[in-house]
Amino acid sequence: MKTKVFSLFIVCLVVQSLMFGQTKDMVLIEGSRYIPLYGRDSTVVEVKDFKMDIYPVSTEEYKQFLKENPKWRKSKVVSLFADKSYLTNWKTDLEPKDSIHLNSPVNYVSWFAAKAYCECQNKRLPTIDEWEYVAMADETTKDARVKPSYNAQILAWYEAPRTKENRIGETPKNAWGVYDLHGLVWEWTLDFNSVLITGESRKDIDKDSNLFCGSAAVNATDLMNYAAFMRYAIRGSLKAKYSMKNLGFRCVQDIKKENK
């Protein structure tokens with residue numbers, strides 16, 4: 001009897017550890033100092049070592065999260081934490097519409113919900129600087145921002161229709177071993193609205209009229225980086241309760257320091 005109970009306990013631990021799918025599917029990102037692509041007065045920022053999910057969170061993974069966290073289901077979520085678009089592409093609390101593939105990135109999820117998901121895995125959302133640091137890599141180079149081909153590829157994605165419906169992991173992984181930072185959906189960051197697009201200061205106040213306007217990009221450090229500047233503009237237009245069809249997320253994890 002004791003053997004059976006112990007075996008059941010082990011099975012439960014294994015199931016729990018696999019429940020959200022990405023605990024082990026992370027890569028180490030070695031931090032460094034770099035210049036982000038916002039504003040005329042951009043300064044060098046330092047990114048410390050951290051781990052990032054290889055893939056964005058899928059619809060299937062979010063479904064498992066909802067099973068274990070009923071308060072984040074569409075019928076129960078508090079309106080303060082999600083707008084009316086939250087999970088609008090789900091037909092029930094636990095079932096997405098038939099047109100949604102379970103291995104597509106989850107979307108129509110608010111910042112509050114994305115943050116809660118990551119915290120349930122002992123993770124967190126990436127900061128803007130962390131996300132951009134990893135996203136500036138192409139397939140072979142960790143800083144590919146000076147490559148015309150890199151920027152052209154991202155801009156081509158921005159123009160492509162319905163990429164949110166594509167499957168996770170079908171785009172080439174970048175030099176860090178991370179997939180789909182470009183090509184599927186925009187992604188929430190922890191401090192999504194902390195960078196302002198006017199270029200005068202990181203504490204400036206954004207102008208709604210400029211959020212999606214190409215003229216706003218004149219303050220970027222390099223007009224070649226228009227694609228990156230558009231991401232900052234999108235983020236600056238968001239509120240934490242917003243849910244959008246082309247907005248998903250992934251999680252990161254801090255590196256634990258060992259006691260000496």
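Counted by Cβ distance under 12 Å from Lys84, the other residues give a net charge of +1, where Lys and Arg count +1 and Asp and Glu count -1.
What separates the Cα centres of segment 157-183 and segment 121-147 is a distance of 13 Å. Annotation for Glu95 and Ala156: the two label points, set 7 Å from Cα along the Cα-Cβ direction, are 3.9 nm apart. In this label model, Val146 and Glu30 are separated by 2.0 nm, measuring between points 7 Å along each Cα→Cβ vector.
Each residue of segment 166-181 is assigned a 3J(HN,Hα), and the resulting list reads 6, 7, 5, x, 8, 7, x, 6, 8, 5, 7, x, 9, 9, 6, 5 Hz, derived from the Karplus form 6.51 cos²θ - 1.76 cosθ + 1.60 (θ = phi - 60°), x at Gly and Pro. Surface composition of segment 103-164: carbon plus sulfur atoms hold 54% of the accessible area, using a 1.4 angstrom probe and ignoring ligands, DNA and RNA.
Do any of Lys123/Lys257; Lys115/Lys164; Lys173/Lys257 go past 24 Å between their Cα atoms, and which? Going by Cα-Cα distance, Lys173/Lys257 fall outside the 24 Å limit.
Ranked from the most accessible area to the least, with a 1.4 Å probe and all protein chains present, what is the order of Ser79, Ser110?
On the way: Ser79 85, Ser110 0 Å².
Ranking Ser79, Ser110 by accessible area, largest first, yields Ser79, Ser110.
Within segment 46-62, what residues put their amide N at less than 20 Å from the label point 7 Å along the Cα-to-Cβ vector of Ala175? Taking a point 7 Å out along Cα→Cβ of Ala175, the residues of segment 46-62 whose backbone N falls under 20 Å are 46-55. Between Leu80 and Ile255, the contour length at 0.36 nm per residue exceeds the Cα-Cα span by 59.8 nm. If ligands, DNA and RNA are left out, what is the accessible area of Lys91 with a 1.4 Å probe, given in Å² to the nearest 10? Rounded to the nearest 10, that gives 110 Å².
The values are calculated or read from the model by the stated rules, or taken from the named source; none is laboratory data. Computed from a predicted model, the values in this text were never measured in an experiment. FYI the Cβ positions are ideal-geometry reconstructions off the backbone, even for glycines, and counts take in every protein chain you see. Heavy atoms of the whole protein, side chains included, go into the accessibility calculation; ligands, DNA and RNA do not. Shrake-Rupley method; radii C 1.70, N 1.55, O 1.52, S 1.80 Å.
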